[in-house]
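Here's the structure we're looking at; comments come further down.
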Amino acid sequence: MGKLRKLTRLGIDRNSLNGPFPSDLLELERLRILHFAGNQTLCAPGSASFAAWLAGLDIHVGPLCNEADRETLEQVYAATGGTDWARSTGWLGDGLLDDWYGVGTDSLGRVMALDLSGNDLAGHAPTSLGHLAAMTSLRIRGNAGLTGPLPLSLAGLQLQELRFEDTRLCVPPDGSFGQWLAAIPSREGTGEECAPLSDREILEVLYRATGGADWKNSENWLSDKPLGEWNGVTTDGDGRVVALRFTRNNLVGTIPPEIGHLTNLSELDFSHNELTGPTPPELANLPNLSRLNLAWNDLTGPIPPELGTHFPV
């Protein structure tokens, strides 16, 4: 298509196209209008050359390949006290992600490396870190304010380097996560293993991962009241969580894999929300789960085969 040098208008929206635009399109110097929204995964690279090319058009409607990464970095900023970071040049601005302090990108503008070492990060390492699918290097060492377990979502990344020493982060006592961590060629941590998460701590992870502050009803959440008094939560006689019902409650974000450690859970209803990302296979680890409803969300990817074993047809 890059050889159509006299092309001035291109409309390929609402089809089933996939992948990034080829660099040949940069040769279309006469193009003024571009519509490519509503496809499968078709996107424009978030690189400097494509950004300049798109800026020269009169109209362009469609996604950049790194839009999800930008949203994820914004979530990382909010979760770790970004307003108090020592250095945050470029963050939350409209510029290229490669211009954000500590961020390195690939040819599509996807985050490939994140180095926020010694930058006064504080809080929990957010589940959203695991959404940076192209990331191969993560350095968050030297941030004493970072506490709690590393998010299980990190295990979905093909990391070649992970540095989190001189923090108060710990490694979850999860067998598959430990195997993933051991396979990283270059790694340095705190040497601390977390105690198993309590039901209360798992629900706190869920709250942070799904925008709990903006839920329609979050009555008693994060309070010291019994979990059975938290909106949407049902517990048994021992205070263990047996049901989570959050239909139409404005959950936004992804389902954290930590849910798979609510071992007494028998019912999970997240229907009619705005959840995105994959369905975590860890849900199949719930031995008592008999009812699962994730309908009417924006979840992507295949249904994990582990769930097919758990819920045979």
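The values are calculated or read from the model by the stated rules, or taken from the named source; none is laboratory data. Keep in mind it's a predicted model, so treat the numbers as computed, not measured. Using ideal geometry, Cβ is built from the backbone for each residue, glycine included, and neighbour counts are taken over all protein chains shown.
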### Query
So which of Glu165, Glu204, Glu193 is assigned by TED's automatic domain parsing to the domain that holds Trp221 and not hydrophobic (A, V, I, L, M, F, W, C)?
Glu204
### Summary
Here the qualifying pairs (Cβ atoms under 8 Å; residues six or more apart or on different chains; first in region 81-99 and in contact (Cβ under 8 Å) with a residue 40 or more places away in the chain; second charged (D, E, K, R)) come out as Gly81/Asp120; Leu97/Asp69; Leu97/Arg70
#### Entry: Given (1) over 30 Å from Gly142 (Cβ atoms); (2) out of contact with any Pro (no Cβ under 8 Å at 6 or more places or on another chain), index of the condition Gly2 fails
(2)
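Is it the case that some residue within region 279-287 is touching a strand residue (DSSP E or B) at 6+ places or on another chain (Cβ under 6 Å) and in a loop (DSSP other than H, G, I, E, B)?
Residues of region 279-287 touching a strand residue (DSSP E or B) at 6+ places or on another chain (Cβ under 6 Å): 279.
Now drop any that are not in a loop (DSSP other than H, G, I, E, B), which leaves 279.
Looking for residues that are touching a strand residue (DSSP E or B) at 6+ places or on another chain (Cβ under 6 Å) and in a loop (DSSP other than H, G, I, E, B), one finds at least one in region 279-287, hence yes.
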### Summary
Checked against (1) among the charged types (D, E, K, R); (2) surrounded by 14 or more Cβ atoms within 10 Å (Cβ to Cβ); (3) closer than 27 Å to Ala78 by Cα, Glu219 satisfies every condition except (2)
### Unique match (being surrounded by 12 or more Cβ atoms within 10 Å (Cβ to Cβ) and either outside any strand (DSSP E or B) or of a type in the set (Lys, Arg) (or both)) among Gln75, Gln40
Gln75
### Subset of region 278-303 [under 17 Å from Leu262 (Cβ atoms), within 22 Å of the chain's Cα centre (by Cα) and of a type outside the set (A, V, I, L, M, F, W, C)]
Thr279, Pro280, Pro281, Glu282, Asn285, Asn293
